[in-house]
Amino acid sequence: NKKIILSTGMANLGEIEEALNMLCKNGAKRQNITLLHCTTEYPAPFNEVNLKAMQSLKDAFKLDVGYSDHTQGIHISLAAVALGACVIEKHFTLDKNMSGPDHKASLEPHELKTLCTQIRQIQKAMGDGI
């Protein structure tokens, strides 16, 4: 009963349902699947991100959701956590100036540390709602 993370980049709701059905037919437990909302551009422009799609995925499939972040910086990942993402996928690089399609949207080590610290702070600040 392993956890499965399914990225939804470029897929519509019907295709996501098909993927979920295929996974379940092959032994996956539906409750062990987390869906990642994803914008498949490097770097993804902020006006294309549509973080509210995470809630649409959660409502449609009744599964945990996360965010596959291809934007520059960490603030969109932080917003995703505040909106309920339980998983953040962010590319990592040792040097943003390296050639390749995703280095500009990746985090260097000091940025990854900052992201993790700030996510933990947001999680504490969210409280229990009571």
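The values are calculated or read from the model by the stated rules, or taken from the named source; none is laboratory data. All of these numbers come straight from a predicted model, not from anything done at the bench. Positions of Cβ are generated from backbone atoms using ideal geometry, with glycine treated the same way; all protein chains shown enter the neighbour counts.
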Checked 8, 39 against criteria (touching an Asp or Glu at 6+ places or on another chain (Cβ under 7 Å) and either free of Cβ contacts under 8 Å to residues at least 24 places away in the same chain or of a type in the set (S, T, N, Q) (or both)); the one match is 39
Across (1) farther than 18 Å from residue 122 by Cα; (2) of a type outside the set (Asp, Glu); (3) surrounded by 13 or more Cβ atoms within 10 Å (Cβ to Cβ); (4) out of contact with any helix residue (DSSP H, G or I) (no Cβ under 7 Å at 6 or more places or on another chain), residue 30 clears everything bar (4)
Quick count over segment 6-30, residues being hydrophobic (A, V, I, L, M, F, W, C) and over 18 Å from the mean Cα position of the chain (by Cα), is 4
For this session: Inspect segment 82-97 for any residue being farther than 26 Å from residue 3 by Cα and of a type in the set (Lys, Arg) and give the result as yes or no.
Result: yes
Of the candidates 37, 103, the one satisfying the condition of being modelled with pLDDT of 95 or more, touching a Ser or Thr at 6+ places or on another chain (Cβ under 8 Å) and not aromatic (Phe, Trp, Tyr) is 37
Taking segment 54-78 and keeping only residues that are within 11 Å of the chain's Cα centre (by Cα) and among the small types (Gly, Ala, Ser), one is left with 66, 68, 77
Checked 53, 85, 125 against criteria (farther than 30 Å from residue 20 by Cβ and out of contact with any Leu (no Cβ under 7 Å at 6 or more places or on another chain)); the one match is 125
Checked 90, 52 against criteria (exposed (fewer than 12 other Cβ atoms within 10 Å of the Cβ), out of contact with any Lys or Arg (no Cβ under 8 Å at 6 or more places or on another chain) and of a type outside the set (S, T, N, Q)); the one match is 52
